[in-house]
Amino acid sequence: MCGIIARVGDGNATETLLSGLENLEYRGYDSAGIAVQNGSGVKVHKCSGDVSDLESTLDSRPSGNVGIGHTRWSTHGPPTDENAHPHTDTAGDVAVVHNGVIDNYDQLRTELQANGHVFESDTDTEVIPHLIDEYRETTGDTEQAVRRAVDTLEGSYAIAAIVDGEERIYAARKGSPLVLGVDDEEWFLASDVPAFLEYTDEVIYLEDGDLVVLEPDSYRLTDLEGNPIDRSVDTVDWDPKDAGKGEYDHYMKKEIHSQPTALSNTIEGRIDDGDVDFADLPPGAFADVESVQLVACGTSYHAAMYGGQLLRAAGIPATALRASEYESVAGPVDENTLVVAVTQSGETADTLEAVRTGSARGGRTLAVTNVVGSTAARETDEAIYIRAGPEVGVAATKTYSSQVVTLALLSQRIAADVPDATPADDRAAMLDALADLPRHVETVLETSRAETLAAETLESEAYVFVGNGFGHSVALEGALKFKEITYEHAEGFASGQLKHGPLALVTEETPLFAVCTGGDDEKTKTNAIEARSRGAPVVAVGPDDHPLCDVADAHLSVPETHPVWAGLLANVQLQLLSYYAAKLLERPIDKPRNLAKSVTVE
Ligand code: M6R
């Protein structure tokens, strides 16, 4: 939630701030702003709307070599001009951008107002510049003032501040991501790497309690007591072109189409002589595992369902749990319980909270994530990266596919390690078929009829998705994607559950998408027959020549493959269906209303 960027170096900061904000818009897009410092005061430009709205308010590029920027997803206060970041102190000498939530802002605001500070917004953030100003008065030193200010804050924050007359950026983090970009001639700070990837791939992932001061020719990292700290510089292996839309109208379409490459990267080097090999987790690494809990939200939860099913098939007790419910549904956890956080961003608050709870209860923790250096990767005992490359569209697409494949590989690694487990009889066939998966996704992308079907079903009242086994999680994911970007009513069900209530929804106006994988699809076929007899158009989503095609009105075809991968391919068809329906409905596909890509509040 919210994206922040800061930059110091030679030359004007404004272009870098604006392009960085565009690359961070997936984190929020209801208001945007920048502040620059050029020796003649701190200049703030901000407005409600997205970064392009901000750009249109700028007659010329404000000049200044030190600057901060923000794109907002509202928590405290509606998306108005006043509530947009940066926020300043009363005199406008200190400007701050913030990602996170300040829990004690009410009390701080009252105290600061009593001391004469004048507030202009409804936000929790605005207390921060006022606090810095207050402590500058008392300490006479900005760095100390920032240190005291963050020490006073309760809650979560990644902040960056600039101060009139100082060629510096002050920044700190606790509970919200912040990464430092290191280049020969300039320094960057941002919520995520794509914000500055076109300038540098050398990064330092800041940790909670870090405070950094950036100057044009140096940076200093300290803890909150002021003791110097050392952090390693990592090189990010993302390609700068991954951060842009390229030839596509939308990030979502680009990301759907980049799945063959993403999947090749996910698989690369991980299958060795018919066995799964995760370099840092060698054979035997999971020998003590007695049960697995996969915790996740949204699309990642649907990928976790897929992984859970594969683990159970291998004889390992495994459950996919919605991270937000973990506290009440987790049940017993001990040192033989592997708690796996499945999270693209590695920053989802509910997922982090669940895995922390699992760890506090004695479980061993593992992150399956896309973002190197993310909070999930750092806080868990081990991490496996899904290697999908940056995903910018709010709707998760390529990261779902890479998560499913990573979890499938993980399930076979664990099954091989655990003495009583029974790795899939046909594991070799499944892993062989995996090698062909990128090519099969390519075929789906080249031959899909999803665009035509989206047009044919566009006037429907609601959209129903059903499936059994792997098909169930795909049906849930298909419905989530559809509602998320089209704003149409869509629901996913386990095939066996349709007649227990949801069938009442089915009419001639509700197309039913029946996901078939070539596994146990009998119940799904029954659903299709039941729905069709009530006049609903039925679309089979699965392999050609599948018996379900005989009772369907239309077919979204997936190439013949192992049943484990057929669900993933069916999901690609459903991604395309959602995309084209949303496009025809002229929805803001990459930035659906009310949503943000990275949900860092509980
Ligand atoms: O970053 P995460 O994988 O933890 O995010 C979890 C969900 O917020 C996310 O998958 C969300 O459901 C997607 N926007 C759906 O497309």
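Please treat every number below as a calculation from the coordinates, not as lab data. Please read all numbers here as calculations on a predicted model, not as lab measurements. Reconstructed Cβ throughout: ideal geometry from the backbone, glycine too, with neighbour counts over all protein chains shown.
Remarks
- In the set Leu54, Leu131, only one residue is crowded, with 20+ Cβ neighbours inside 10 Å and over 28 Å from Leu595 (Cα atoms); that residue is Leu131.
- The residue pairs whose first member lies in the stretch 378-399 and is touching a residue at least 12 places away in the same chain (Cβ under 8 Å) and within 11 Å of the ligand (Cβ to nearest atom), whose second member is part of a loop (DSSP other than H, G, I, E, B) and basic (Lys, Arg), and whose beta carbons are closer than 7 Å, counting only pairs six or more residues apart or on different chains, are Val394/Lys591; Val394/Lys597.
- Any hit, the stretch 85-92, residues being in contact with a His (Cβ under 8 Å, 6 or more places away or on another chain), of a type in the set (S, T, N, Q) and closer than 29 Å to Arg109 by Cα: yes
- Test: residue in the stretch 22-42 that is free of Cβ contacts under 8 Å to residues at least 12 places away in the same chain and either surrounded by fewer than 24 Cβ atoms within 10 Å (Cβ to Cβ) or among the aliphatic types (A, V, I, L, M) (or both): yes
- Residues that are buried (at least 17 other Cβ atoms within 10 Å of the Cβ) and among the charged types (D, E, K, R), drawn from the stretch 246-261: Lys253, Lys254, Glu255
- Test: residue in the stretch 584-599 that is part of a helix (DSSP H, G or I) and either among the polar types (S, T, N, Q) or more than 16 Å from the ligand (Cβ to nearest atom) (or both): yes
- Among (1) within 16 Å of the ligand (Cβ to nearest atom); (2) under 21 Å from Ala314 (Cβ atoms); (3) touching a strand residue (DSSP E or B) at 6+ places or on another chain (Cβ under 7 Å), the one test that Ser473 misses: (3)
- Odd one out for Ala360 among (1) more than 16 Å from the ligand (Cβ to nearest atom); (2) touching a strand residue (DSSP E or B) at 6+ places or on another chain (Cβ under 9 Å): (2)
- Only one of the listed residues (Val372, Val394, Val292) is within 28 Å of Asp520 (Cα to Cα) and among the hydrophobic types (A, V, I, L, M, F, W, C). That residue is Val292.
- The numbered conditions (1) surrounded by 20 or more Cβ atoms within 10 Å (Cβ to Cβ); (2) outside any strand (DSSP E or B) are all true for Glu207 except (1).
- Selection from the stretch 301-343 of residues that are of a type in the set (S, T, N, Q), more than 24 Å from Ala416 (Cβ to Cβ) and either outside any strand (DSSP E or B) or touching a Pro at 6+ places or on another chain (Cβ under 9 Å) (or both): Ser324, Ser328
- Exactly one residue out of Glu461, Glu488, Glu484, Glu508 is within 16 Å of the ligand (Cβ to nearest atom), part of a loop (DSSP other than H, G, I, E, B), more than 30 Å from Pro283 (Cβ to Cβ) and not basic (Lys, Arg), and it is Glu488.
- Residue within the stretch 403-415 that is at negative phi, buried (at least 22 other Cβ atoms within 10 Å of the Cβ), within 14 Å of the ligand (Cβ to nearest atom) and part of a loop (DSSP other than H, G, I, E, B) present: no
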